[in-house]
Amino acid sequence: MTVSKRRQPSLAQLRAFAAVAEHLHFRDAAAAIGMSQPALSGAVSALEESLGVTLLERTTRKVLLSPAGERLAVRAKAVLAEVGALMEEAEAVRAPFTGVLRLGVIPTVAPYLLPTVLRLVHDRCPQLDLQVHEEQTASLVDGLTTGRLDLLLLAVPLWVPGVAELPLFDEDFVLVTPLGHRLGGREGIPREELRALNLLLLDEGHCLRDQALDICREAGREDAPVTTTAAGLSTLVQLVAGGLGCTLLPRTALKVETTRSSQLLAGYFAEPAPTRRIALAMRAGAARGAEYEELAAALREALRPLPVSVCQSVK
């Protein structure tokens, strides 16, 4: 079947026809959309020519819709409604901190930083629809690069091409021991002490596990100190309280996790203590990049009361 190639109708033509279909009067329709009556009549005629159908039955007294006009008036109104919705959506996108923001967070950050993040968004960005996804690093990075997620809150560096990092803060690692352990509650613990400790770690896939192993290697420990693992920090700390070994906690998690048991002590490393860096990560060149940088700056200020070293703004 051969389809004839006709010119696409313009929005002005559809708008003129929809106005006439509503008012059934050229003068009233022209006034309603701010168009002269001759221009309105010409737009409707041009639309009829483009579509190849007669839309109106014109008499000296009144204007009527033809059978084709009755059907196509519904379509024209729907098209114009969708165009209006498109323009409203574009306006919302242009307005900063509105619409949906899909934030991915690693499990060793989410319980300790989300209260600050959510309070900041509620107070500063009330029109922002924040959607939070807690996943491990590899899943989050995949979600960011494929467009499933917009922004990540996690430990860096990632070393992923096409991903830009907005540093927030550095935090020390703390040694958590059972009550009565020789290192429990001590200050200035040498990293070399990690060589002989029975260290409990998170399961495979957690970046905190890899960071703990890196710290052990830097301290001169060659074997992987893995006898018992856990899926989350809460379980890990309870294993320590039960006397199964020691573990490393990021400083932001210390208060939340160790106050659940009286059988725990925290020891602090000698300077420079082992640390991790937490940042926001976005796609390089993201359309909302300026918003994310502004959000990062606001977060740095909001996080200052925490036991962390806030990073300087990067321009």
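The values are calculated or read from the model by the stated rules, or taken from the named source; none is laboratory data. Owing to the predicted nature of the structure, the values given are computational and were not obtained by experimental measurement. Cβ atoms come from the backbone with ideal geometry, glycine included; neighbour counts cover every protein chain shown. These area figures cover heavy atoms from the full protein model, side chains too; ligands, DNA and RNA do not enter into them. Shrake-Rupley method; radii C 1.70, N 1.55, O 1.52, S 1.80 Å.
The figures follow:
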item	result
Loop GluC sites (Glu not before Pro), the range 182-231 (other Cβ atoms within 10 Å of the site Cβ: 15 or fewer; DSSP)	Glu187, Glu204, Glu222
Full-extension gain in nm, Arg260 to Arg6, via 0.36 nm per residue minus C-alpha separation	84.1 nm
Under 5 Å, built H, 5+ apart or other chain: amide partners of His133	Leu103, Gly104, Val105
Surface per residue (accessible, 1.4 Å probe) for the range 1-114, Å²	62 Å²
Length-normalised contact order for the range 185-297 - Cα pairs under 8 Å, 6+ apart - percent	33 percent
Extension gain (nm, one decimal) between Thr145 and Glu82, 0.36 nm per residue minus Cα-Cα	19.7 nm
Mean Kyte hydropathy of -1.0 or more with a Cα span along the axis of at least 27 Å, helices from DSSP in the chain	67-94
Principal axis box of the chain, alpha-carbon based, largest edge first, Å	104, 46, 35
Trypsin sites (Lys or Arg not before Pro) restricted to the range 174-259 and DSSP loop, no more than 10 other C-beta within 10 Å	Arg182
Euclidean distance of C-alpha centroids, the range 206-273 and the range 115-137, integer Å	28 Å
Per-residue [θ]222 nm for the chain (sum of -39500 (n - 2.57) over DSSP H runs n ≥ 4, rounded to 500)	-13500 deg cm²/dmol
